[in-house]
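Take a look at this one; I'll ask things after.
The values are calculated or read from the model by the stated rules, or taken from the named source; none is laboratory data. Keep in mind that this is a model prediction, so the values were computed, not measured. When we count neighbours, we look across all protein chains shown, and the Cβ atoms used for this are built from the backbone with ideal geometry, even at glycine.
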Amino acid sequence: MPGPQAPNMSTIGHLMSPIVDDLLAFEGPINIPTSNFPEGCLIETRLLTLIGDSGARHKVGKFALHLENYMCPWCMIRDTDLSKVKLGPLRVGAEVKEMGEKWKKASKNQRMVLMRTNGVQFSELNQLTYRDPVNHMAIGIMHNWMEGILAHHFRERWGFQELEYYQTKQRMAQTQRYRNPKRPRIGEREDEEAEVEDMESDSGDGEDGGCDHDIRVDEGEKGGLFTREFRQLFRDKMKGMVLPEDLGSLPKDLGSPKHGKLKAMQWHTLWVYAIPLVILEMFVEDVEDIKEDSNRFAVLQNTSLLVRCTNLLTSMPLRLGTGRKFTKSYQKYQQSSKELFRNFKVQPNHHYALHVEEQMRLFGPLSGVAEYWGERLIGILQNLNTNERFGDMELTMITKIISQQRLKAKAPLEKHLAQHDKETAPKQRTHMHIEGGYYEMLLESIRFRSEAPIQSRYLRPYVLSKGPILTGRCFSKQSYSVPDGPKVTPMKPHNCVMYRHNNQISYGLITEILQFDHPLGHQDWALAINPIRNCYAKDLNSPTRTFQFLCYMMKVVIGQILDTRLFIHPNEIGCLMAYRYLAYDTFNIPSNGIIMVPVDKLAHLLINEDSTAALF
């Protein structure tokens, strides 16, 4: 659309009119000749789901914009009722079309009254009789959730953003109007006498120093959670994270204006992987004594609910009940945010998220109707050289884009790069023989998976002829690509994995990849790993059950790397793990501690049915 300014509610209708006319022309089957079908083939075109950010979505669908009355396209919620975090009466597609027709026939003054009454104008898309203006509109999780709710919580509620001096001074002046010297803890009395008692107990001398080690939740700019020191501590702990390459990277100076704007996938990586790997160590002092009436627990619970909602929202495949679980977790998150943050304010994006359950019933996994593909197309169009000649270059640009897509389809870039790597790869190393205990571990692993009796080469000669023999001849490899799974290596960042061994979910660090001659005559693979013991597997009778619950909500596994070694088959690998090594005596683990998050698309953390079984 012509720039430089975005079209408003009035001009968008004029731009959509010729597009809708073309859609109406193609609504019935028409015969179009193509290169593959010279005699022509029948073509029908339908426009169903409207996908985009909230501004474009409302303009094209002709619903009221943000902060206007009845601005929700899916229900009749007033702007004054947003703070209640509930749905209004649901809209019906036929009624919306009828409202649009009334608005179209009304005078200018009557249109203003109708807009304030129902928040609907006439949309050119209403001419498409097969289309439902309510059900055929996607919420758009990229802008609504990733760049909306997650970004708002991180920047505003946590206060995780560096401000210029004049901005900081202005915000602090506003904050002092409502801030007390000490924020009352959740559930405590807020009268002056109780506050004085708290301050006296904090400053008194006692057996433990007179301090309960709780935190204040409004010490940051504008009453946010993170102070400047906490932000720096968060960044320092992030430096030790190991993220698989598919997750991308996060800026080292997170929260600073220098790093610019985070992309949607970076917000997802931050909340699903980075924050769970860091925040537990920052707010948990004793895994066996987490006070549920403390601010520390309130922050962790609020964070875990938001992480859980994000995992449910992006989970694939979509399972029955996922939408309902999302709604329950999201309502708990909003309620806990209201109790925790004094600067709590419900934005329109927070309300739109209440319709996620309904959207999942309509579209399935919402990642399938997200804006990612459209943003990529916008990026392609922005990189095309137009020579500032608008009006006579459009056909050339479209032809160029189509040629690029055909080239990618015929010769994918991945295959070209793989061929280049194969040509430039170093020569194959000479084979080697494994001996001693290493050989016995590999033999035991093969016997576990093989029905045929596999013999050891160390047996006497008269026994060797009774079955196939493991010779121990093998090659050391740099990587292995699991069929329909991840690529693993003995080096960071693809060396930590979750696998299923002996029907148990287990974790480990890959130390070596071997390709060897299988006794039955074919080439096989084996991965040598250092197993990781899950230190906080599910145990409802343990004093750490509250800590276990927080870990489960954030899909976190905390373990200890063992000095032993075993072999597994690559087919046993489930997924990669994002991880961070822990310092000595962290979470009561004396040494070799590690915290991990599985890199998968599941809504929940997989746990063993027998919670008492050792996970290694």
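Can you tell me which condition M16 does not meet? The list is (1) within 26 Å of A353 (Cβ to Cβ); (2) modelled with pLDDT under 90, and all the others hold.
(1)
Follow-up. Output the number of residues of the range 523-543 satisfying the condition of being more than 25 Å from L602 (Cα to Cα) and either of a type in the set (F, W, Y) or out of contact with any Lys or Arg (no Cβ under 7 Å at 6 or more places or on another chain) (or both).
Counting residues in the range 523-543 that are more than 25 Å from L602 (Cα to Cα) and either of a type in the set (F, W, Y) or out of contact with any Lys or Arg (no Cβ under 7 Å at 6 or more places or on another chain) (or both) gives 7.
Then there is this: Any residue that is under 21 Å from the mean Cα position of the chain (by Cα), outside any loop (DSSP other than H, G, I, E, B) and over 21 Å from F297 (Cα atoms) - is there at least one of those in the range 606-614?
no
Only one of G187, G204, G159, G140 is over 29 Å from the mean Cα position of the chain (by Cα) and either at positive phi or modelled with pLDDT of 95 or more (or both). Can you tell me which?
Residue meeting the stated conditions: G187.
Same structure again: For a quick check of your reading of the model, give me the residue pairs whose first member lies in the range 318-333 and is in the same structural domain as E358 (by TED's automatic domain parsing), whose second is of a type in the set (K, R) and assigned to a helix (DSSP H, G or I), with beta-carbon atoms closer than 8 Å and at least 6 apart or on different chains.
If the second residue must be of a type in the set (K, R) and assigned to a helix (DSSP H, G or I), the pairs left are G323/R361; S329/R308.
Over 24 Å from F283 (Cβ atoms), out of contact with any Cys (no Cβ under 9 Å at 6 or more places or on another chain) and either without any contact (Cβ under 8 Å) to a residue 12 or more places away in the chain or of a type outside the set (K, R) (or both): which single residue out of L366, L312 fits that description?
L366
Tell me, which residue of the range 502-523 that is crowded, with 19+ Cβ neighbours inside 10 Å and in contact (Cβ under 8 Å) with a residue 40 or more places away in the chain is farthest from the chain's Cα centre (by Cα)?
For the range 502-523, the residue satisfying everything is P519.
Would you mind stating whether V60 is more than 30 Å from Q347 (Cβ to Cβ) and part of a helix (DSSP H, G or I)?
No; evaluated as a whole, the condition is false for this residue.
Can you pull out the residues in the range 30-45 that are assigned to a loop (DSSP other than H, G, I, E, B), loosely packed, with under 11 Cβ neighbours inside 10 Å and in contact with a strand residue (DSSP E or B) (Cβ under 7 Å, 6 or more places away or on another chain)? Talk me through it step by step, then tell me what you get.
Going through the range 30-45, the residues assigned to a loop (DSSP other than H, G, I, E, B) turn out to be 33-40, 44-45.
Now restrict to residues that are loosely packed, with under 11 Cβ neighbours inside 10 Å: 33-36, 38-39, 44.
Within the range 30-45, just T34 meets the criteria.
Taking the range 71-111, which residues are over 39 Å from the mean Cα position of the chain (by Cα) and either touching a residue at least 12 places away in the same chain (Cβ under 8 Å) or within 14 Å of H350 (Cα to Cα) (or both)?
Residues satisfying the conditions are E101, K102, W103, K104.
A further question on this structure: With respect to V356, determine if the residue is part of a loop (DSSP other than H, G, I, E, B) and modelled with pLDDT of 75 or more.
It is false that V356 is part of a loop (DSSP other than H, G, I, E, B) and modelled with pLDDT of 75 or more.
Inside the range 50-89, can you point out the residues that are in contact with a strand residue (DSSP E or B) (Cβ under 9 Å, 6 or more places away or on another chain) and exposed (fewer than 14 other Cβ atoms within 10 Å of the Cβ)?
Across the range 50-89, the qualifying residue is only P89.
Based on this model, can you work out whether Y438 counts as within 17 Å of P598 (Cα to Cα) and either small (G, A, S) or not assigned by TED's automatic domain parsing to the domain that holds E245 (or both)?
no
Also: Restrict the check to the range 79-100 and report whether at least one residue is closer than 22 Å to G148 by Cβ, modelled with pLDDT under 90, out of contact with any helix residue (DSSP H, G or I) (no Cβ under 8 Å at 6 or more places or on another chain) and basic (K, R).
Yes, the conditions are met somewhere in the range 79-100.
Taking only the range 505-537 into account, find how many residues are touching a helix residue (DSSP H, G or I) at 6+ places or on another chain (Cβ under 6 Å) and over 15 Å from L443 (Cα atoms).
Of the residues in that region, 1 qualify.
Please state which one of K555, K487, K492 is among the basic types (K, R), surrounded by 14 or more Cβ atoms within 10 Å (Cβ to Cβ) and modelled with pLDDT of 90 or more.
Working: K487 fails: surrounded by 14 or more Cβ atoms within 10 Å (Cβ to Cβ); K492 fails: surrounded by 14 or more Cβ atoms within 10 Å (Cβ to Cβ).
Only one candidate passes the filter, namely K555.
Still on this model: Is it the case that the range 326-336 has a residue that's under 17 Å from Y552 (Cβ atoms) and either at pLDDT below 90 or of a type in the set (F, W, Y) (or both)?
yes
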